[in-house]
Amino acid sequence: MSEKPWLKVFDEEAAKWRALWHAEYDDKIDVAPEYPDKPLKWWFNKWAGEQPDKPYIMQGDTVLTYSTVNEMAKRLGNALTGIGVRKNDRVAIMSPNLPQYVLSLQALLKIGAIEVPANPLYTVPELSLQFKDSGTETVIVMAMFADKAIEIMKNIASPVKRVIVFHVPTIPVEVEKGEGIFDFNEIIMGADNAEPEVELSMDDIVRLQYTGGTTGIPKGCVLTHRIVSSQMVRISQWATNNFSTMEKGDLRALGAIPFNHVFGYCSNICCPLYCGGSIVTVPVPNPDTLLDAIVKYQPTVFPTVPAMIIGLNNHPRFAESDVSCFKGVFSGSSALPAEVLNTFESITGCRIVEGYGMSESTQQITANPGHARRKIGSVGVAWPDTDVLIVDDKEGTKIMPVGEPGEIIFRGPQVMKEYWDNPQETAIALRDGWLYTGDIGRIDEDGFVYIVDRKKDIIISSGFNVFPRDIDEVCYSMPEVLDACAVGIPHEKRGETVKVFLVLKEGASLTAEEVIARCREKLAPFKVPTDVEFLPDLPRTLVGKPDRKTMKAMAVASD
């Protein structure tokens, strides 16, 4: 008898669901797609050769063609080699969504260096931890953030040996000069423009995608060319119903989600890379800059998060602007309130598709179909070539009944290889070919998946499990509320109680007592907030998720 009999049960359960999931797909989606055996740089070189004059990156009044970016990427790749960067070396890119980010990424692909995407808003201690964990020796950084990278390089305990600084003309910054500090433009102009001769395999590492760290110390998800390629094919097919709603080359992504996040990387960089499409970069994605980019460049796909959609909905020019360009709008990272979804769709005429993924899944695990049936509030059905199950959140060996919440586990070609240099955490997350997500969800009778909450966000009040999302949804239903986020705070008798942070719509008025009274009408007593705090804006992570960790710290500090 097998030592792990539940694995056979998992296989049988997944097989039962597969037919249901496939029946929900749009009509032209491949249930078992073919994946390319070419490394990522091959695709960029292909398009640069076939369509050299096509716009590749667009921002403001700047338009860079495939041939221009290819020329600069070759020079940068050779320049990096010239200062000591070799295949498999880790190179951090610290930048907002600017053309220089994409150019740097293409250069790393040409020489086989491993990208370490770094949030430029992180503090020196946060960046130091990431660079030390990854063994990052080189940092490419926008000038306004260069002081952080230089400070880290000066620390004798840091692996960082060199910092390459690029300037943005509209934001002049004085940068320290010295050994190991290089100017981005200078090294490019002085380098050879020949294609770097570096052999790559599909199993070479392309990126160390660090987790957000909202539930602990960030970990580096090891992503290979093979893993990333499997996702860029499926995301592109899903976004276009296998290219029936738009031709490959018509895919023009509105690059607002940070490229250093797995969502921004896969949707905004990898999909155009596979399709020969274009990228509209938005370095500071506020409602004004988003709307300006939409009107000017008419992007066809918009990977986004609820905060961006809420901001656009409330922009005074949004309803009067030409926003009919979208063929696909894809929302992730956190729940999208139904009222927000309906408003956006009525203005744009484009359907929003909600999905679910994480760094460990190279973005996507589930998604609602683009044209077939969807369920509002659900993150859709399992992705092609992907199995999803709901298991008990203690041992993770028992299948939960239909509709009952439990931990989401999945398997598929998009699963990370491992956590970088972290076998202990790898063993916890990856078990017998399944990745245990740490997220709580449920599956309905039709196979649609619903996210309930993260295991570590669950509030235990008077012995009951309270899911913050339940409280959030009730608050979003209040017409005065623009944004909401519930957290658990210590309570002498209950263990924990609920505190909710709210942002009101402009001109709206609401008291804490009114909020609590309305919650009492729709929630069980142990779920009702005992404290309400009004804020001008919710703290958010870089990708737009409400930052529950920060708000919980705020709540505890003010208690």
Hits in region 487-509: amide N under 18 Å from the 7 Å Cα→Cβ extension of Thr530, namely 487-501
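Given a 1.4 Å probe and heavy atoms of the protein chains only, how would you sort Asp387, Asp53, largest accessible area at the top?
Greatest to least solvent exposure: Asp53, Asp387.
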For region 50-105: rounded, prolate or oblate by the Cα gyration tensor [a/c cutoff 1.5]: oblate
For region 350-438, what does the alpha-carbon gyration tensor say about shape, rounded, prolate or oblate, given a ≥ b ≥ c as the root eigenvalues, a/c under 1.5 as rounded, and a/b over b/c as prolate? oblate
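To check you understand DSSP bridge types, tell me what percent of the beta bridges within region 284-443 (both residues inside) are antiparallel, rounded to 5.
DSSP beta bridges in region 284-443 are roughly 70 percent antiparallel.
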Which lysines does Lys154 reach when only Cα atoms under 25 Å apart count, and residues fewer than 8 places away in its own chain are ignored? Lys87, Lys132, Lys177, Lys219
May I ask you to work out the translational diffusion coefficient for region 286-369 at 4 °C, viscosity 1.567 mPa s, via Stokes-Einstein with Rh from the Kirkwood sum over Cα pairs, reported in whole µm²/s? 98
Per 0.36 nm of contour for each residue apart, how much would the distance between Phe243 and Glu174 grow if the chain were fully extended, relative to their Cα-Cα spacing? 20.1 nm
If the chain between Asp183 and Ala372 were fully extended at 0.36 nm per residue, the gain over the current Cα-Cα distance would be 63.0 nm
Want the number for Ala319 to Asp432: 0.36 nm per residue separation, take away the alpha-carbon distance, what's left? 35.7 nm
Subset of Lys505/Lys545; Lys54/Lys296; Lys4/Lys417; Lys74/Lys327; Lys38/Lys296 violating a 25 Å alpha-carbon distance limit: Lys74/Lys327; Lys38/Lys296
Given the Cα atoms of region 475-559, and with Rh set as the inverse mean 1/r over their pairs in the Kirkwood sense, what is Rg to Rh to two decimals? 0.95
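Decide, for region 121-197, between rounded, prolate and oblate: order the square roots of the alpha carbon gyration tensor eigenvalues as a ≥ b ≥ c, take rounded if a/c falls under 1.5, and otherwise choose prolate if a/b is larger than b/c, else oblate.
Verdict is oblate for region 121-197.
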Tell me the GluC sites (Glu not before Pro) within region 257-354 that lie in a loop according to DSSP and have at most 11 other beta-carbon atoms within 10 Å. Glu320
Exposed-loop-free span, longest in the chain, where trypsin sites (Lys or Arg not before Pro) count as exposed if DSSP calls them loop and at most 10 other C-beta atoms lie within 10 Å: 178-393
Here FRET efficiency (C-beta to C-beta, Val124 to Glu506, R₀ 41 Å, nearest 0.05) is 0.65
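Given the rule -39500 (n - 2.57) for each run of at least 4 DSSP H residues, summed and divided by the residues of the chain, what is its mean residue ellipticity at 222 nm, to the nearest 500 deg cm²/dmol?
-9500 deg cm²/dmol
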Percent antiparallel among DSSP beta bridges confined to the chain, rounded to 5, stands at 60
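The values are calculated or read from the model by the stated rules, or taken from the named source; none is laboratory data. Note that this is a predicted model, so its numbers are computed, not measured. Neighbour counts run over all protein chains shown; Cβ positions are idealised from the backbone, glycine included. Please note that ligands, DNA and RNA were not included when accessible areas were found on the heavy atoms of the full protein model with its side chains. Shrake-Rupley method; radii C 1.70, N 1.55, O 1.52, S 1.80 Å.
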